[in-house]
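Here's the structure we're looking at; comments come further down.
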Amino acid sequence: MTKMDLLRLWKMGLGGVLIINGRRHKISEVVKYEEKGEEWLNLVWKQGGMEFALEVENKKLTLWKEVDDILPSDSFPISLPEIEYRGEKYKEAEFGTAKAVSETRTGKKESMVMWRVLEAKSGHKLAVEGWDDGVYFYYAEGTLPVSTVQAI
């Protein structure tokens with residue numbers, strides 16, 4: 001990925017369009033995270049009643065899909081050593097607390113977000129984020145080759 005490609009993604013705003021594998025997705029939320037000097041970005045859109053996010057971290061692009069068949073608890077499940085999902089056990093691989101700035105059509109919101117990435121032996125990943133308004137789960141659809149993503 002060139003610096004120009006990364007810059008285009010970082011400059012995308014609400015209503016911007018991502019083309020992934022030839023399909024257009026209109027950005028409905030932009031979330032910028034910062035933790036211990038590291039920054040990453042999620043470009044979010046809705047499709048078929050589900051939420052998707054393209055995560056831009058360093059030079060890696062990961063496509064995440066909202067998981068609606070895990071029942072979130074009222075509090076962030078930080079003490080859970082593992083989660084079973086669709087027949088696989090996921091164990092904690094990374095965790096932290098990041099400052100997040102979320103921008104939607106209703107405005108900007110800054111929050112401290114507790115997050116975890118859990119990984120199964122198969123390499124599949126789940127992400128869990130604890131926001132002020134609830135706990136959200138995402139499944140990694142995979143890492144995307146740069147050639148399959150276009151920002152317009």
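The values are calculated or read from the model by the stated rules, or taken from the named source; none is laboratory data. As the structure is a prediction and not an experimental result, all values here were calculated from the model. Here Cβ is always computed from backbone atoms with ideal geometry, including for glycine, and neighbour counts include all displayed protein chains.
Structural remarks
- Selection within the range 103-147: residues that are within 16 Å of V56 (Cα to Cα) and β-branched (V, I, T). The member of this set that is farthest from the chain's Cα centre (by Cα) is V146.
- Tabulated pairs, the range 63-82, first closer than 15 Å to E94 by Cα, second at pLDDT below 65, C-beta under 9 angstrom, 6+ apart or interchain: L80/S73
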